Every structure is written in structure tokens, then in C-alpha cells.
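Input: a single structure, listed below in C-alpha cells.
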Amino acid sequence: MDIFETSHLRANIIAWIPIRKTDRVCYIGTDTDVIAQKLRQMSDYVTCSMEQTDQTSEEEYDYIIRLSDASWEMLKLDYAKLSEQGKLVLAAENAYGLKYLAGAKEIGSGEYFGGVEALADSVGTTREEIASSLRRAGFVWHKFYYPFPDHQFAMNIYSDEYLPKQGELIDQIGNFDAERMILFDETKAADALIARNQFQDFSNAYLVVAGKSVFGTFVNEKKEEISYVKFSNDRGASHNIRTYITRDSDGAFHLLKTADTPKAKPHIANLSKTAEKLQELYAGSRFLINSCKNSAEGAELAFLQGHTMEEELDHYLEQGEHQKASEKIMEVLEEIRLNKRCRDFQITEEFKRVFGEPDLPEGLNALEVSDIDLIMPNILVGADQSWNVIDYEWSFHFPVPVNFILYRSIRYYADTTAVRRALNPAGLYDRAGITERELTAYGAMEDAFQKYVLGGRIPMRQLYKEKGKPAYHITSVLHVVDDLERRRALQIYFDRGSGFCEEDVTTFHSKALDGTYHLEIPIEEDVMKLRIDPGSQACTVELERLTFAGSSECVLNFISNGHKLTGGMYLFDTDDPNILLEKLPRTNRVLLLDLRIDSMSLAAAEWIAPKIDTKYKLKKMLRK
């Protein structure tokens, strides 16, 4: 299965665009891929073309969708086929995208840093180059959007009006096309870029909308400009949703949640009912439940300002104030646990359908409506220090143990990163009154809940485990290189009349890391013999030159514990390979050494040696 051809997430890049049924759409791509299929759901008039718009046709289009090739020549052809009010939608790979700097291969060239180096096959570009190409092609306006993690599998669409906040850009590793390196922590780097207002320049990809006349960006039915879209559609069909943030003509932001599939409409419609129930349950507590009302488009929630409790806790950790972070977590948990409307927990059939039948102890408390996602990122701290619950999508209208809510709040903060684990999750569970038996039961409940959410669908994270390409962290690679370099290190021992010893040795490393050496080594006058150790494990040595300056011989006579293969190739079936030079010249004592070392396992070398050396057994006996 080619995930690039079959995954419905591929269509996210265009699914949010307000294309109407009557709009004429030209898609530059195959007429069978998931994007073409999605466009046909959105419009009754979709034409597909493999490389460019049909210049022989008189038809003009309201939308031209081009998800590759941002050259001005192609854009000029697109310009000619757009209606006067039409829009070009262009996706492009950023040559300086963060993931490419971090070690992902560039798509066009298939090479590391292909876009950075502007290789011939690279399709990477920059914002400035795209804008220049659009102007050159005749377009009079354009607007940039920033898909994340990229334009291939966009799960978030940002804009200049609504940019990501620190801590949002996670789950960036997902290379399905080729193996990659991980040169640095992309999440931390993204946070740094956001703090420095540099995110747009290093976005992994761009999505651009351009027009040939009056400026007009993407707006919803209320004529509010779409500033941000989040797709939560890597789930079962009945739970797939989108979250929109829009901006009206007065500059005010609005938040809307909609169903991504028809089957998810009941899930969205339930939010307003949930809001009412939670407002009743948490009345008088520190928690304020964000308002919600149903509309024709979906569920409208208030757009609130502030910082999340997660951000506040992270700030404490950055400052080294671990105790403050722990106490703040316990303060939140206590506010959840001490709800006056708690009752004895009783298991129901609805509970079993979502959470299975875990081994729960007696005497647990529960609320009649349970927001199990009352976690730190979903608590917005206002300027007045109010605690606003901004997302309660995963609320159930049946009892769930309150301790399970506490468990998830701890798990999805304190047990997510190495920095946060310094808070000691086990200690927090204990302080929250969660027993070992409960921990086991809640782990099983969480697994059952995740299966319920997925509804039989295989999520992208699981597909990556099964079909993703390897990702090599630089520290692991350097460890391997360091080990290889150590094993291939060439050592020269000097005998000054008392034999060879570890105190009188010089070590060389292959500069090219390929086991190749080209050395010129002055030998002091008191040195009587030389021993050359090509590495510290079984190996083959390709000897091109072993001589002294001024000598007519390319390779001097030597003694070794290796086996001659052919020409200058030798096999060493020992972890202590060595070459001995017993006769050194009195003058011109500059050793010239050109060779290549290729390491191999001792078992393999010992298996090969008898087959190429009839005197192998005798030599082995003499060595012993």
C-alpha cells in the first residue's frame, strides 16, 4: 500500500478550502488519487490534468489546484485559465524547511539538503521565490498559509494572522518516502523559531492562494476569514472533526468545531449539551467551562485569550522551579477531585462499551458527566487567573472514576518528556491517591478508550511504525562512527631496542571515515623496528604503498599475521592484526603508507581463511 496514494489525510491540504458545488475546479494531478476524490465531493465540476492546464480549451476555472511545481512558466499557464475572480492554490516545499535542515531528505532530489544546496532536481523553494514567480506570471495578490507538519499530510493550517504557539509543533517525525537523519530536536527548534518570530521562514511547506484581480482570501459562510484549521481526522469516522479559527471584519477571532465526516455530526452536536452539564457540575469551582452553541456549521465556542496550564508548568520547569510545578499540578488535581457533586461510581454498559471491564477497586467517586480530557493543555489561564476549560470534546454522559481523570492529567503532562518526568509521575500518582491497582486498571481503560476513538482505523503513528522509513538520530550515528573509527584506527608501535610497548605508539584515524589512509610519517633515528596494527578487529587490508621515501620498492618485505589474497589485498583473521617491518633504512626515514582497512567479524574471517591459505592450520598452531 502506498500511503501517499491512499491515505485520506493527503486530502487535508485542500479539504478546508470553501469550494462550492458549482465552482469549476482544475486539479493538476492524477484523476484517481485521494485529492481528486475529495475535490469531486466538494464540486460537481472537476477536471484533472497531469502537468498543466489545457491551453486549447476555452474553459476558465474558479480554482486551479497545483500541489507541485511552482515555476513561473507553469504559473503563467495557470493564470491564463483562471476566471477573473478565480483563485490559484499552490503547495510548495520550503527549501529551508525545518525538517530538511534537521535531516529529512528533500522530496524532489531525494538527497539530504537538496533544497539548501539547490540541486538540479530539487523542488524546494522560498517565500520570496514563490512571490516573485506569482508576480512574474501576472498575479496581483497572494496570501501564504503554513501547513504542518507539511503539505503531504497536513494536520494544521496556520496563517500570518494565527501562528503556532510554543509547544504546539510536535509529532514531526513521519518519513514515509525515505530514511532520514535527526540532527536536532525539531520540537525544541520549532519553539525557538516561534519565540524569535521566524516560524514562517522555516515552515516545512507553504500553501499559497493567489488571484488575478481583487484580493480575496478564504472565508466561511459568515464572511469571516479562515485563519487556522486543525484536523482531528486520524480517527474513526464518527469522531473525525475539524477546528476552525476565523477572524471577522472587526479583527475579532471566533472558534468553530465541525464534523469532518457526516457520521461525526452527532459528536459535534453533543458539545453544547456537554457544556451545559459541565457548567452545572463545576459551578462554584475554579473551573469555568467555555460556552458553546450549535449552529448550521457546527459548534461555536468562545475564543478565549490567555496561556495554557501546560505552558505555565513548562515555564516553572524552565526556571528550575520543580516544586512550584508539582504544587500547581496538585492544586489542579485537588480542584477536580473535591467536586461537591461526586457520587459513588457505578459501572454501566455505556462505560463498558468505551472503557472495557477493568479491574477497579470499590469505593471510587464519579460525576454524572465526565470530562476525561481535563488535562493541562485544555485549561486556559486568563489574565484574572481564571481556569477556563477550553476543550471538552471527550466528555461522557455516564460515570467515570474521577481518579481516572486525575490519572490522565498526570500522564499526559508529567510522563511525556524527559524534562517533565523530573517531576516524578509515580510520586504525583501517589499524592493524588491513585493506587497501584488503579494504575493498572486505568492503563487498560486508556487503551480501550483509544481503540474506541479509532473505531477500527489504523492511525498514522501506527502506520509509521509499520511502513515508515528509518530515522537515525545523530548521536546514534556518531556512536556507530566512533566505534567504527576506533576499530579502524591505525596504530604504529616503535621498538627502540626494548621491544614494542603501549607507551611508545602513535594512533592515526581515517579522515574520510572510510578506512583509507595516506600517511607520511618521520621515523626517529633510534627506532629499530616498526609494527603497524591496521585496526583492532578482523579485517581486510588493501595495501597500495608501504615503503620509505627514496625507495624504489612500492611495498617493502614485511612479516604479518594475515593471509595474502591477491595483489595487495590481505585478510587478517584475528582481532590483533599487525604488520612488522624489521629492517629500517639508515637515511630517508620517512614512512610512506597508503592502505584501506575494511573491518569484518572474526567468525567470518576465520571461516574464509582456510579456504584461501593451505597453511592456515599450521600458522594458527604456531600463533598459539
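By average Cβ neighbour count within 10 Å, what is the ranking of 217-225, 297-305 from highest down? Let's see the in-between values first.
Details: 217-225: 14.8, 297-305: 16.8.
Highest mean packing first, the order is 297-305, 217-225.
For region 83-88, in order, what is each residue's ³J(HN,Hα) by Karplus, 6.51 cos²θ - 1.76 cosθ + 1.60 with θ = phi - 60°, in whole Hz (x at glycine and Pro)?
The phi angles translate into 5, 4, 9, x, 10, 8 Hz.
Under 16 Å between alpha carbons, and skipping anything fewer than 8 positions from Lys81 in its own chain: which aspartates and glutamates qualify?
Asp23, Glu51, Asp54, Glu58, Glu59, Glu60, Asp62, Glu73
Lys and Arg at +1, Asp and Glu at -1: add these up for the other residues within a Cβ distance under 15 Å of Phe199 and post the number. Please report the intermediate quantities before stating the final value.
Numbers: positive: Lys99, Arg127, Lys165, Lys188, Arg196; negative: Asp150, Asp160, Glu161, Glu168, Glu186, Asp191, Asp201.
Charge balance near Phe199 sits at -2.
How tilted is helix 474-488 with respect to the longest principal axis of the chain? Cα atoms for both, answer in degrees (0 to 90, nearest 10).
Tilt relative to the chain: about 10 degrees.
Under 16 Å Cα-Cα from Lys611, which lysines qualify once same-chain neighbours fewer than 8 residues away are excluded?
List returned: Lys564, Lys619, Lys620.
Taking a threshold of 22 Å on the Cα-Cα distance, which of the pairs Lys87/Lys222; Lys263/Lys467; Lys38/Lys257; Lys257/Lys467 fall above it?
Numbers: Lys87/Lys222 19 Å; Lys263/Lys467 28 Å; Lys38/Lys257 20 Å; Lys257/Lys467 32 Å.
From Lys87/Lys222; Lys263/Lys467; Lys38/Lys257; Lys257/Lys467, over 22 Å: Lys263/Lys467; Lys257/Lys467.
Report the normalised scattering of the chain as log10 I(q)/I(0) at q = 0.06, 0.08, 0.11 Å⁻¹, calculated by the Debye formula with identical scatterers on the alpha carbons.
So the normalised log intensities work out to -0.51, -0.77, -1.06.
Could you tell me the extents of region 157-243's C-alpha atoms along the three principal axes, largest first, rounded to whole Å?
Its Cα atoms span 44, 38, 26 Å along the three principal axes.
Keeping every protein chain in place, order His479, His254, His509 by accessible area at 1.4 Å, biggest value first, i.e. largest first. Please list the in-between numbers first.
Details: His479 125, His254 70, His509 90 Å².
Of His479, His254, His509, the descending order of accessible area is His479, His509, His254.
Calculate for the chain the 222 nm mean residue ellipticity that helices alone would give, adding -39,500 (n - 2.57) per DSSP H run of length 4 or more and normalising by residue count, nearest 500 deg cm²/dmol. Present the calculation step by step, with values, prior to reporting the outcome.
On the way: 20 runs with 191 residues, N = 624.
It comes out at -9000 deg cm²/dmol, rounded to the nearest 500.
Compute the distance from the alpha-carbon center of region 333-350 to that of region 443-466, in whole Å.
26
Gap in Å between the Cα centre of region 164-226 and the Cα centre of region 565-580?
First find each Cα centre; the distance between them is then 55 Å.
Give me the three principal axis extents of region 235-291 from the C-alpha atoms, as integers in angstrom, largest value leading.
Here the spans come out as 37, 34, 15 Å, largest first.
Could you give the angle, 0 to 90 degrees to the nearest 10, between helix 309-318's Cα long axis and the longest principal axis of the Cα atoms of the chain?
Once rounded, the angle reads 30 degrees.
Go through Lys76/Lys143; Lys76/Lys223; Lys105/Lys511; Lys188/Lys511 and tell me which ones have a Cα-Cα distance over 22 Å in this structure. Working shown, then result.
Details: Lys76/Lys143 17 Å; Lys76/Lys223 29 Å; Lys105/Lys511 25 Å; Lys188/Lys511 32 Å.
The answer is Lys76/Lys223; Lys105/Lys511; Lys188/Lys511.
For the chain, with every protein chain kept in place, what is the accessible area per residue (1.4 Å probe, Å²)? Can you show the working numbers first?
Values: 30490 Å² over 624 residues.
I get 49 Å² per residue for this part.
State to the nearest 20 debye the size of the charge dipole of the chain about its Cα centre, where the only charges are +1 on K and R beta carbons and -1 on D and E beta carbons.
Working: 74 positive and 98 negative charges, 191 e Å.
Its charge dipole is roughly 920 debye.
Just how much of Tyr452 is accessible, in Å², when a 1.4 Å probe is used and the result is rounded to the nearest 10?
Spelled out: Tyr452, probe radius 1.4 Å, area about 60 Å².
Probe radius 1.4 Å, ligands and nucleic acids left out: which of Glu524, Glu179 has the largest accessible area, and how do the rest follow? List each step's numbers first, then the result.
Values: Glu524 110, Glu179 65 Å².
Reading off the accessible areas and sorting them downward yields Glu524, Glu179.
Just the Kirkwood number for region 216-350, please: inverse of mean 1/r across all distinct Cα pairs, in Å, one decimal. Don't jump to the answer; show the numbers that get you there.
Details: mean 1/r = 0.0561 Å⁻¹.
For region 216-350, inverting the mean 1/r across all distinct Cα pairs yields 17.8 Å.
Once the Cα atoms of helix 436-454 and of the chain are each reduced to a long axis, what angle between those two axes, in degrees from 0 to 90 to the nearest 10, is obtained?
Roughly 80 degrees, rounded to the nearest 10.
With +1 on each Lys and Arg Cβ and -1 on each Asp and Glu Cβ, how big is the dipole of region 124-196 about its Cα centre, in debye rounded to the nearest 20? All intermediate terms of the calculation are to be shown ahead of the outcome.
On the way: 8 positive and 12 negative charges, 77 e Å.
Dipole about the Cα centre, nearest 20: 360 debye.
Any idea which of Ala104, Gln52, Gly356 is furthest toward the positive side of the dipole for the chain, if Lys and Arg beta-carbons carry +1 and Asp and Glu beta-carbons -1?
Toward the positive end, the furthest listed residue is Gly356.
Hey, if you put +1 on the Cβ of every Lys and Arg and -1 on every Asp and Glu Cβ in the chain, which of Leu571, Val453, Ile347 ends up farthest toward the positive end of that dipole?
Checked the options; the winner is Leu571.
Counting residues in region 477-624 as N, plug N into 2.2 N^0.38 Å and put the Cα Rg over that result. Show your work: numbers first, answer last.
Details: Rg = 15.4 Å, N = 148, 2.2 N^0.38 = 14.7 Å.
Expressed relative to 2.2 N^0.38 Å, the Cα Rg reads 1.05.
Suppose accessible area is computed on protein heavy atoms with a 1.4 Å probe; arrange Arg40, Arg488 from highest to lowest.
Working: Arg40 105, Arg488 35 Å².
The ordering from most to least exposed comes out as Arg40, Arg488.
On the full set of protein chains, 1.4 Å probe, figure out the accessible area of Leu584 and give it in Å² to the nearest 10.
My reading of the accessible area for Leu584 is about 30 Å².
Report Rg (one decimal) and Dmax (nearest whole number) for region 56-192, counting Cα atoms only, units Å.
16.4, 51
Enumerate the lysines that Lys340 could reach by cross-link, defined here as Cα to Cα under 27 Å, with residues fewer than 8 away along the same chain left out.
Filter leaves Lys273, Lys277, Lys293, Lys324, Lys328, Lys352.
For the ranges 188-194, 603-609, what's the packing order if you count other beta-carbon atoms within 10 Å of each residue, average per peptide, and put the highest first?
Top of the packing list down: 188-194, 603-609.
The values are calculated or read from the model by the stated rules, or taken from the named source; none is laboratory data. Because the structure is a prediction, the values reported are computed rather than measured. Reconstructed Cβ throughout: ideal geometry from the backbone, glycine too, with neighbour counts over all protein chains shown. For accessibility, only protein heavy atoms count, side chains too; no ligands or nucleic acids. Shrake-Rupley method; radii C 1.70, N 1.55, O 1.52, S 1.80 Å.
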